[in-house]
Amino acid sequence: MTISRLLSLACLCVLAPTAFSQAPHLVVPGFERFHVKDADPSVGGQLLWTELSCAACHASNDPAATNRKQAPVLDAVGARIAPAYLKKFLADPHAVKPGTAMPNLLADDPQREQKVEALSQFLASTGTLPQELPETKSIKAGETLYHQIGCVACHGGRDAKNMPTRTTPSSVPLVNLKEKYSITSLALFLENPHQARPSGRMPGLLVVNKDAKKEAKELANYLLQGIKVILPPSLGSTKYQYVEGKFNKIPEFDKAKTKASGEGRAFDLGVAKRTNDYAVRFDGLLKVENDGKFKFSLSSDDGSDLYVGDKRVVDNDGIHPAKEVTGEIKLVKGVHPISVRFFQGTGGAELAVVVEGPGIARQPLANLIVASEDYFNKKKPDVMNPDEFVLDPARIAEGKVLFSSVGCANCHSLKADNKVLASSLKVTPLVKMKAEGGCLAGVKGTPRYAFSTPARLALASAVKSPVAAPSAKKDIVARTFVQFNCYACHVRDKVGGLEGDLDPLFLTKQKEMGDEARVPPPLDGVGGKMNPDYLKRILNDGVHDRPYMQTRMPKFGLANVGHLLPAFAELDHGFDKIEVKHSVTPNQAKASGRMMVGAQGFGCIKCHTFGGAQAEGVQGIDMAIMAQRLNHSWFYHYLLDPQKIRAGTRMPTGWPGGKSTLPTVFAGKADAQIDAIWQFLTDGKNANIPLGVKPESKPLTPFFTAIIYRNFIQGAGTNKDPGARGIGVGYPEKISLAFDANQMRLGLIWQGAFIDAGRHWTGRGNGYEPPLGDNILSMPEGVSFASLASATDAWPKANAKELGYRFKGYKLDAEDRPTFLYSFGDIAIEDFPNPGTGKEQTLVRTFKLTAPGNVSNVYFRAALGKKIVAMEEGWYRIDDYWKV
């Protein structure tokens with residue numbers, strides 16, 4: 001099947017959004033722009049068959065027909081969608097949501113009104129829609145997010161009031177959102193769309209960001225601006241007790257002097273009379289309708305805790321910045337007292353309380369808590385809004401039966417009483433279907449679809465002469481790109497890319513980089529470019545690897561697009577494997593690679609971030625993840641000639657015409673230089689940072705005497721203590737060490753540059769500083785000397801203090817070279833490490849042990865390794881890495 005035939009569906013199903021009010025038609029995003037005249041309509045019809053889930057009712061053995069798009073999961077739909085909207089939508093889906101694939105199941109049913117009521121009652125009974133007051137301050141942030149991260153690719157542009165502006169014929173309209181969702185439920189959906197819609201046509205754009213919850217709330221506030229939330233009187237309120245004082249933990253409120261008390265909005269810190277040095281206790285009641293395990297989350301700055309009855313469920317006490325802590329408790333149906341205590345020291349003051357559990361979607365506890373039991377004793381509870389209705393058990397039972405009998409369960413999964421409801425509706429299987437009549441003709445008593453005439457003809461053609469699913473990998477890729485609207489952002493095989501009206505909405509933080517920094521990259525040859533494992537991660541989880549590009553690559557899930565991996569592998573062969581044999585050790589090659597990407601080499605770090613550290617100029621893709629992302633052979637050919645691989649790129653080459661601009665490194669051989677850079681990058685975020693990355697860099701360089709650096713040295717200590725008592729020593733011979741003064745051992749040895757003091761000599765000096773040089777050797781944890789019964793005994797695992805060690809400091813010689821002084825029991829030890837002489841770089845360690853009497857059975861551990869091989873003249877090679 002050719003791409004042109006596959007993409008012929010364009011005219012079959014889509015009208016521009018401006019036509020919706022006149023004649024709503026089915027919308028399958030991304031198809032119209034690829035219309036090809038005179039194409040086989042049965043190909044488009046077969047694709048429509050899968051996108052509309054026709055096989056959910058019309059059984060078929062054809063894999064192409066059964067590989068259908070899954071309808072939304074309706075578990076707990078009552079906690080996601082407003083009951084009034086459900087009722088309106090079921091009554092006339094196409095009028096309420098133009099373009100929907102949902103048919104009108106009851107269009108001609110004489111009992112339509114009663115059945116719609118029963119179905120909506122049943123769906124509404126699955127949960128309670130969480131309500132939340134809008135946050136005006138989040139609207140602007142949500143508008144910015146909407147237009148930055150990629151929402152515009154499928155939904156088009158919108159103005160500050162959330163009205164459509166720039167749209168295309170394939171844009172999916174966003175209508176009636178304020179009627180459908182609450183701020184809480186829309187935010188939960190945006191945070192993880194696949195939970196409700198596992199087929200992935202709505203991808204996860206926020207999951208690739210650590211602030212997904214915050215961003216989801218901002219987007220929801222923007223998309224639902226102007227929503228009216230009417231909470232029942234007293235719902236969302238608590239009693240409070242306010243006290244003042246300097247606290248570093250939650251005070252005992254029963255013993256404190258109360259400054260103010262009363263009843264007000266739940267967990268509102270506005271009751272405080274000042275900004276610092278106070279505490280508040282909030283008390284209220286939570287009614288749960290189902291037995292089960294409930295999770296409470298407290299986010300606060302400073303300390304807080306939460307009690308259910310007399311049990312402390314969440315402990316977030318102490319002085320700290322904003323931090324979230326969760327706790328769980330089993331509750332039975334009924335009313336439970338809740339107490340939240342909070343104190344504020346200085347600085348910011350924040351308090352947020354969230355609850356989730358059986359029948360309660362994750363939402364602010366303030367939505368559900370009340371200050372007084374009087375609320376539960378009212379005969380008729382206040383309704384949330386005029387469209388709300390009171391649930392009727394008889395109607396709910398009727399709706400449950402209808403859900404199975406009218407066809408809802410054919411497409412939608414819904415659990416009731418811990419069991420997925422099965423369909424009892426039987427219809428004509430595909431092999432017995434006719435190309436006319438039924439749903440296609442809108443025959444009375446059949447589901448009504450908003451088919452355009454071309455769409456109806458295409459489906460009829462597909463029924464008359466079924467088309468096999470695409471088998472050619474090229475067609476599989478093209479079909480998937482249409483189904484998931486990948487072409488809205490990406491070009492492959494000269495198809496797709498940004499549409500004219502939407503092009504200006506794709507933005508960048510680095511305007512000087514041009515379109516390369518704002519337009520999602522072409523996907524030609526992507527299978528040869530990307531490391532298969534990383535490409536798998538991209539498709540499954542989404543990423544945001546380009547810091548300069550506002551648009552993100554969203555999550556689609558392997559269940560939906562995983563079949564692209566073998567297709568890419570077959571189609572995009574990439575380049576032949578590159579093999580380079582170096583005349584130096586792997587660590588020396590990495591050291592050369594580090595030099596070449598640094599400021600003293602090709603200067604790659606001038607335009608690329610490294611391990612999160614910003615570059616001086618444009619912020620290119622992080623070099624620390626390149627070896628994870630890319631295939632080695634593609635990397636080699638791209639560095640050698642970037643323009644040949646991607647015409648128009650701003651990426652320069654360090655090997656113009658195949659000749660290196662660094663002729664002294666590996667004799668200027670391009671293959672050896674590029675491979676050394678690759679070997680360095682394979683260490684990823686564990687790689688030593690190249691010189692020139694940090695603008696506040698303060699390298700310490702020993703020239704005539706040694707330099708002592710006492711500070712937090714990364715790797716100089718143990719796993720529990722990464723290097724809090726590390727003593728670094730840099731020698732003029734270009735060899736350095738870090739002595740672990742906790743364990744009285746040599747922690748690290750390395751070559752080249754000593755250390756960068758910029759981290760510790762700038763600002764507050766927080767964190768650990770790694771060695772600045774290369775070829776870093778981490779020595780084994782544990783003490784150097786121990787008392788053993790024999791040489792075959794296991795080396796002790798206890799720490800130095802437990803074994804009787806004491807650190808005594810160090811003394812310096814005339815060249816400031818230290819001798820470390822420590823004791824082991826009655827033995828005084830002088831430990832003098834010093835660079836050796838000769839062709840190879842060595843470190844000679846001289847010990848002087850002094851004891852008051854005879855000492856026996858004291859052993860020194862010279863090395864530890866998985867592989868120790870004896871060499872000539874008393875040397876031993878350790879793990880093929882170093883020798884002693």
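Looking at the range 70-103, which of the residues that are in a loop (DSSP other than H, G, I, E, B) and without any contact (Cβ under 8 Å) to a residue 40 or more places away in the chain is nearest to the chain's Cα centre (by Cα)? Walk me through how you get there before you give the answer.
At the first step, the residues of the range 70-103 found to be in a loop (DSSP other than H, G, I, E, B) are 70-76, 80-82, 92, 97-103.
Cutting the leftovers down to without any contact (Cβ under 8 Å) to a residue 40 or more places away in the chain gives us 92, 102.
Numbers: D92: 38, M102: 31 Å.
Restricting to residues being in a loop (DSSP other than H, G, I, E, B) and without any contact (Cβ under 8 Å) to a residue 40 or more places away in the chain, the top hit is M102.
Looking at G496, is it open to solvent by less than 40 Å² (accessible area, probe 1.4 Å), within 30 Å of H573 (Cβ to Cβ) and not basic (K, R)? Spell out the reasoning first.
Working: open to solvent by less than 40 Å² (accessible area, probe 1.4 Å): yes; within 30 Å of H573 (Cβ to Cβ): yes; not basic (K, R): yes.
Yes: the conditions hold for G496.
Of the conditions (1) open to solvent by 80 Å² or more (accessible area, probe 1.4 Å); (2) basic (K, R); (3) at pLDDT 95 or above, R341 fails just one. Which one is it?
Against the list (1) open to solvent by 80 Å² or more (accessible area, probe 1.4 Å); (2) basic (K, R); (3) at pLDDT 95 or above, R341 comes up short only on (1).
Answer with yes or no whether L737 is open to solvent by less than 10 Å² (accessible area, probe 1.4 Å), closer than 20 Å to R817 by Cβ and over 36 Å from the mean Cα position of the chain (by Cα). Before the answer, list the steps.
On the way: open to solvent by less than 10 Å² (accessible area, probe 1.4 Å): yes; closer than 20 Å to R817 by Cβ: yes; over 36 Å from the mean Cα position of the chain (by Cα): yes.
It is true that L737 is open to solvent by less than 10 Å² (accessible area, probe 1.4 Å), closer than 20 Å to R817 by Cβ and over 36 Å from the mean Cα position of the chain (by Cα).
Residues of the range 214-244 being touching a strand residue (DSSP E or B) at 6+ places or on another chain (Cβ under 7 Å) and more than 28 Å from D374 (Cα to Cα), which ones? Give the steps one after another, and end with the answer.
So the first thing to find is which residues in the range 214-244 are touching a strand residue (DSSP E or B) at 6+ places or on another chain (Cβ under 7 Å), and the list is 234-244.
Of everything in the range 214-244, just one residue is touching a strand residue (DSSP E or B) at 6+ places or on another chain (Cβ under 7 Å) and more than 28 Å from D374 (Cα to Cα), namely E244.
For the range 232-288, give me the residue count where each residue is at positive phi and surrounded by fewer than 16 Cβ atoms within 10 Å (Cβ to Cβ). Explain how you work it out, then say what you get.
Looking only at the range 232-288, we keep the residues that are at positive phi, and these are 234, 236, 245, 262, 267, 277.
Adding the requirement that they be surrounded by fewer than 16 Cβ atoms within 10 Å (Cβ to Cβ) leaves 245, 262, 277.
Count: 3.
Could you identify the single residue in A462, A478, A488 that is within 30 Å of K432 (Cβ to Cβ) and touching a residue at least 24 places away in the same chain (Cβ under 8 Å)?
Numbers: A478 fails: within 30 Å of K432 (Cβ to Cβ); A488 fails: within 30 Å of K432 (Cβ to Cβ).
Every option except A462 fails the conditions.
Could you tell me how many of the residues in the range 850-860 are in contact (Cβ under 8 Å) with a residue 40 or more places away in the chain and not in a loop (DSSP other than H, G, I, E, B)? Break it down into steps so the answer makes sense when it comes.
Here is the first cut: in the range 850-860, the residues in contact (Cβ under 8 Å) with a residue 40 or more places away in the chain are 857-860.
After this cut, where a residue has to be not in a loop (DSSP other than H, G, I, E, B) as well, the list is 858-860.
Final tally of qualifying residues: 3.
Among the residues of the range 424-448 satisfying the criterion of being small (G, A, S) and free of Cβ contacts under 8 Å to residues at least 60 places away in the same chain, which is farthest from L90 (Cα to Cα)? Outline the logic, then answer.
First, pick out the residues of the range 424-448 that are small (G, A, S): 424, 435, 437-438, 441-442, 445.
Narrowing the set further to residues that are free of Cβ contacts under 8 Å to residues at least 60 places away in the same chain leaves 424, 435, 437-438, 441-442.
On the way: S424: 19, A435: 27, G437: 23, G438: 20, A441: 21, G442: 17 Å.
Residue satisfying both the conditions and the ranking: A435.
Kindly check whether there is at least one residue in the range 462-470 that is touching a Gly at 6+ places or on another chain (Cβ under 6 Å), under 28 Å from H94 (Cα atoms) and part of a helix (DSSP H, G or I). So that I can check it myself, show each step before the final result.
Quick first cut of the range 462-470, residues touching a Gly at 6+ places or on another chain (Cβ under 6 Å) only: 462.
Among the residues that remain, those that are also under 28 Å from H94 (Cα atoms) are: 462.
Checking which are part of a helix (DSSP H, G or I) leaves us with 462.
Yes - at least one qualifying residue is present in the range 462-470.
Out of the range 315-348, which residues are among the small types (G, A, S) and farther than 15 Å from N248 by Cβ? Walk me through it before giving the result.
Of the residues in the range 315-348, the ones among the small types (G, A, S) are 318, 322, 327, 334, 339, 345, 347-348.
A322, G327, G334, S339, G348, listed by residue number.
Cβ-Cβ below 9 Å, separation at least six or inter-chain, first residue in the range 133-158 and under 14 Å from Q225 (Cα atoms), second of a type in the set (A, V, I, L, M, F, W, C) and open to solvent by 50 Å² or more (accessible area, probe 1.4 Å): which pairs?
L133/L231; I139/A160; K140/A160; E143/A160
Within the range 163-170, does at least one residue satisfy the condition of being farther than 24 Å from F267 by Cβ, among the aliphatic types (A, V, I, L, M) and surrounded by fewer than 18 Cβ atoms within 10 Å (Cβ to Cβ)?
Looking only at the range 163-170, we keep the residues that are farther than 24 Å from F267 by Cβ, and these are 163-170.
Still in the running and among the aliphatic types (A, V, I, L, M): 163.
Filter again for surrounded by fewer than 18 Cβ atoms within 10 Å (Cβ to Cβ), leaving 163.
Taking every residue of the range 163-170 in turn, at least one turns out to be farther than 24 Å from F267 by Cβ, among the aliphatic types (A, V, I, L, M) and surrounded by fewer than 18 Cβ atoms within 10 Å (Cβ to Cβ).
Out of all the residues in the range 163-208, which are of a type in the set (S, T, N, Q), touching a residue at least 24 places away in the same chain (Cβ under 8 Å) and within 16 Å of F556 (Cβ to Cβ)?
Filtering the range 163-208 down to residues of a type in the set (S, T, N, Q) leaves 165, 167-168, 170-171, 176, 182, 184-185, 192, 195, 199.
Now narrow it down to the ones that are touching a residue at least 24 places away in the same chain (Cβ under 8 Å): 167-168, 170-171, 176, 182, 184-185, 195, 199.
Q195, S199 - these are the residues of the range 163-208 that are of a type in the set (S, T, N, Q), touching a residue at least 24 places away in the same chain (Cβ under 8 Å) and within 16 Å of F556 (Cβ to Cβ).
On the given criteria, is L119 more than 25 Å from the chain's Cα centre (by Cα) and either at pLDDT 90 or above or crowded, with 22+ Cβ neighbours inside 10 Å (or both)?
Criteria met by L119.
Of all residues being open to solvent by 10 Å² or more (accessible area, probe 1.4 Å) and of a type in the set (A, V, I, L, M) in the range 463-487, which is modelled with the lowest pLDDT? Just the residue, please.
Filtering the range 463-487 for residues that are open to solvent by 10 Å² or more (accessible area, probe 1.4 Å) and of a type in the set (A, V, I, L, M), the one modelled with the lowest pLDDT comes out as V467.
With touching a Phe, Trp or Tyr at 6+ places or on another chain (Cβ under 7 Å) and of a type in the set (G, A, S) as the only criterion, which of A220, A216, A260 stands out?
Values: A220 fails: touching a Phe, Trp or Tyr at 6+ places or on another chain (Cβ under 7 Å); A216 fails: touching a Phe, Trp or Tyr at 6+ places or on another chain (Cβ under 7 Å).
Selected residue: A260, the only one of A220, A216, A260 that is touching a Phe, Trp or Tyr at 6+ places or on another chain (Cβ under 7 Å) and of a type in the set (G, A, S).
Identify all residues within the range 539-577 that are under 17 Å from R629 (Cβ atoms), open to solvent by 20 Å² or more (accessible area, probe 1.4 Å) and assigned to a helix (DSSP H, G or I); write none if there are none.
Matches in the range 539-577: N540, D541, L565, A569.
Check whether at least one residue in the range 521-528 is in contact with a Leu (Cβ under 8 Å, 6 or more places away or on another chain), outside any loop (DSSP other than H, G, I, E, B), without any contact (Cβ under 8 Å) to a residue 60 or more places away in the chain and open to solvent by 50 Å² or more (accessible area, probe 1.4 Å), and report yes or no.
Of the residues in the range 521-528, the ones in contact with a Leu (Cβ under 8 Å, 6 or more places away or on another chain) are 526-527.
So of that shortlist, the ones also outside any loop (DSSP other than H, G, I, E, B) come out as 526-527.
Narrowing further to those that are without any contact (Cβ under 8 Å) to a residue 60 or more places away in the chain: 526-527.
Still in the running and open to solvent by 50 Å² or more (accessible area, probe 1.4 Å): none.
No, that holds for no residue.
Taking the criterion of being in a helix (DSSP H, G or I) and over 19 Å from the mean Cα position of the chain (by Cα), would at least one residue in the range 163-178 satisfy it?
Applying the first criterion (in a helix (DSSP H, G or I)) to the range 163-178 yields 177-178.
If we keep only those that are over 19 Å from the mean Cα position of the chain (by Cα) as well, we get 177-178.
Within the range 163-178, one or more residues are in a helix (DSSP H, G or I) and over 19 Å from the mean Cα position of the chain (by Cα).
Can you tell me how many residues in the range 296-329 are over 26 Å from G348 (Cα atoms), in contact with a strand residue (DSSP E or B) (Cβ under 6 Å, 6 or more places away or on another chain) and either open to solvent by 60 Å² or more (accessible area, probe 1.4 Å) or without any contact (Cβ under 8 Å) to a residue 24 or more places away in the chain (or both)?
1
Going by what's in this entry, would G292 be described as loosely packed, with under 15 Cβ neighbours inside 10 Å and within 32 Å of the chain's Cα centre (by Cα)?
Values: loosely packed, with under 15 Cβ neighbours inside 10 Å: yes; within 32 Å of the chain's Cα centre (by Cα): yes.
Spelling it out, G292 is indeed loosely packed, with under 15 Cβ neighbours inside 10 Å and within 32 Å of the chain's Cα centre (by Cα).
Would you mind stating whether T649 is in a loop (DSSP other than H, G, I, E, B), of a type in the set (S, T, Y) and open to solvent by less than 30 Å² (accessible area, probe 1.4 Å)?
yes
Yes/no per residue for (1) more than 17 Å from A716 (Cα to Cα); (2) basic (K, R); (3) open to solvent by 40 Å² or more (accessible area, probe 1.4 Å); (4) out of contact with any Cys (no Cβ under 9 Å at 6 or more places or on another chain):
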site: S787; (1), (2), (3), (4): yes, no, yes, yes
site: A794; (1), (2), (3), (4): yes, no, yes, yes
site: K797; (1), (2), (3), (4): yes, yes, yes, yes
site: K808; (1), (2), (3), (4): yes, yes, yes, yes
site: L812; (1), (2), (3), (4): yes, no, yes, yes
site: S823; (1), (2), (3), (4): yes, no, no, yes
site: D826; (1), (2), (3), (4): yes, no, yes, yes
site: I829; (1), (2), (3), (4): yes, no, no, yes
site: F832; (1), (2), (3), (4): yes, no, yes, yes
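So which of A366, A361, A349 is modelled with pLDDT under 90, open to solvent by less than 60 Å² (accessible area, probe 1.4 Å) and over 22 Å from D268 (Cβ atoms)? I'd like the intermediate steps shown before the answer.
Numbers: A366 fails: over 22 Å from D268 (Cβ atoms); A349 fails: over 22 Å from D268 (Cβ atoms).
One residue alone meets the criteria, A361.
May I ask you to verify whether V580 is open to solvent by less than 40 Å² (accessible area, probe 1.4 Å) and out of contact with any Lys or Arg (no Cβ under 9 Å at 6 or more places or on another chain)?
Numbers: open to solvent by less than 40 Å² (accessible area, probe 1.4 Å): yes; out of contact with any Lys or Arg (no Cβ under 9 Å at 6 or more places or on another chain): no.
The answer is no for V580.
Could you tell me which numbered condition M513 fails, if it satisfies all but one of (1) in a loop (DSSP other than H, G, I, E, B); (2) buried (at least 19 other Cβ atoms within 10 Å of the Cβ); (3) in contact with a Lys or Arg (Cβ under 9 Å, 6 or more places away or on another chain)?
With (1) in a loop (DSSP other than H, G, I, E, B); (2) buried (at least 19 other Cβ atoms within 10 Å of the Cβ); (3) in contact with a Lys or Arg (Cβ under 9 Å, 6 or more places away or on another chain) applied to M513, the lone miss is (1).
The values are calculated or read from the model by the stated rules, or taken from the named source; none is laboratory data. Since this is a predicted model, take the numbers as computed values, not measurements. FYI the Cβ positions are ideal-geometry reconstructions off the backbone, even for glycines, and counts take in every protein chain you see. Side chains are part of the model used for accessible areas, which takes the heavy atoms of the whole protein and leaves out ligands, DNA and RNA. Shrake-Rupley method; radii C 1.70, N 1.55, O 1.52, S 1.80 Å.
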